[in-house]
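Enquirer: Mind having a look at this structure? Questions to follow.
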Ligand code: NAD
């Protein structure tokens, strides 16, 4: 039961972040949303599960905006108890053709943003001796794939940050862990299916090929399933889960 806890989920207007926000709201948390696009739909989907969520439009590639969001959370909601670092983007190109500005944006949003939110959330968590930092990494935090240099580098880095944060809080009521999802059918992955369709595959072929390449299960992971895992990490039973990189990947990394 997360009644009385405030949960900030970055990048929660879509996909996995929105699913995690709904799960946390259902468990009773006061959810704070962040991200771009259809904010109204995200708000109403989360409100349908529990309390009316808060929303902050900070761009996770901008340190000053992240600082403003964390100050807002402290001022309006008394600080963040559950921090889910989820905002992320993808871009695919071979290393030698990788656009420099995309590299910088991916490192900023997928990695540095989690450093900034974490450093700003920890003092409040320490003062209450309770906190959960959940970093949404990826199987690409553990293994590589071609044409995803920035994403794979950022996700490997995020697992490093997870371990160090876990060690520095090891003797407190604060835990820090990472989830490593395989394929989840969100706009971020639809983009990669669309690329295959543009190259001549039918929608069905594109979907099946994507799964066949990586997921022995042949099925996508869902945001709801990730939400249940996040709720477990928030529970008292998970207090000794520290610095873990937890796969939910249809068997991808078992191969
Ligand atoms: P998505 O595109 O559906 O959602 C991304 C969210 O981040 C959106 O709410 C978007 O508005 C927000 N966002 C993007 N740039 C932002 C910025 N600069 N500032 C603030 N918010 C920003 O993607 P998703 O698939 O739900 O991905 C969420 C996370 O899960 C990412 O970190 C991604 O790397 C990770 N992940 C996804 C998959 C997958 O298969 N979809 C697998 C493993 C890991």
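Enquirer: Could you count how many residues in segment 197-224 are under 30 Å from residue 49 (Cβ atoms) and either more than 16 Å from the chain's Cα centre (by Cα) or surrounded by 15 or more Cβ atoms within 10 Å (Cβ to Cβ) (or both)?
Expert: Of the residues in segment 197-224, the ones under 30 Å from residue 49 (Cβ atoms) are 207, 210-211, 215, 217-224.
Pick out the ones that are also either more than 16 Å from the chain's Cα centre (by Cα) or surrounded by 15 or more Cβ atoms within 10 Å (Cβ to Cβ) (or both) and you get 207, 210-211, 215, 217-223.
Final tally of qualifying residues: 11.
Enquirer: Here's a follow-up. When you scan segment 240-255, how many residues do you find that are surrounded by 13 or more Cβ atoms within 10 Å (Cβ to Cβ) and outside any helix (DSSP H, G or I)? Explain how you work it out, then say what you get.
Expert: Filtering segment 240-255 for residues surrounded by 13 or more Cβ atoms within 10 Å (Cβ to Cβ) gives 241-253.
This time we only want the ones that are outside any helix (DSSP H, G or I), so: 241-251.
Residues flagged as surrounded by 13 or more Cβ atoms within 10 Å (Cβ to Cβ) and outside any helix (DSSP H, G or I) within segment 240-255 amount to 11.
Enquirer: Would you be able to say whether some residue in segment 49-59 is assigned to a helix (DSSP H, G or I), in contact with a helix residue (DSSP H, G or I) (Cβ under 9 Å, 6 or more places away or on another chain) and within 30 Å of residue 103 (Cα to Cα)? Spell out how you get there, then give the answer.
Expert: Taking segment 49-59 as the starting set, the residues that turn out to be assigned to a helix (DSSP H, G or I) are none.
Within segment 49-59, none of the residues are assigned to a helix (DSSP H, G or I), in contact with a helix residue (DSSP H, G or I) (Cβ under 9 Å, 6 or more places away or on another chain) and within 30 Å of residue 103 (Cα to Cα).
Enquirer: Any idea which residue in segment 207-232 is farthest from residue 83 (Cα to Cα), counting only those that are in contact with a strand residue (DSSP E or B) (Cβ under 8 Å, 6 or more places away or on another chain) and outside any helix (DSSP H, G or I)? Spell out how you get there, then give the answer.
Expert: Initially, segment 207-232 is screened for residues in contact with a strand residue (DSSP E or B) (Cβ under 8 Å, 6 or more places away or on another chain), giving 220-223, 225-226, 229-230.
Next, from what is left, pick out any that are outside any helix (DSSP H, G or I): 220-222.
Working: 220: 25, 221: 22, 222: 20 Å.
Of everything passing the filter in segment 207-232, 220 is farthest from residue 83 (Cα to Cα).
Enquirer: Quick test for you: out of 12, 44, 23, pick the one residue that is under 28 Å from residue 237 (Cβ atoms) and in a helix (DSSP H, G or I).
Expert: On the way: 12 fails: in a helix (DSSP H, G or I); 44 fails: under 28 Å from residue 237 (Cβ atoms).
When all the criteria are applied, what remains is 23.
Enquirer: What pairs can you find where one residue is in segment 10-39 and farther than 21 Å from residue 183 by Cα and without any contact (Cβ under 8 Å) to a residue 40 or more places away in the chain, the other is within 8 Å of the ligand (Cβ to nearest atom) and assigned to a helix (DSSP H, G or I), and their Cβ atoms are less than 7 Å apart, with a gap of 6+ or different chains?
Expert: Close Cβ pairs satisfying both conditions: 33/42.
Read the figures in this text as sums done on the coordinates, not as results from a lab. What you see is a predicted model; the values in this text were computed from it and never measured. Cβ atoms come from the backbone with ideal geometry, glycine included; neighbour counts cover every protein chain shown.
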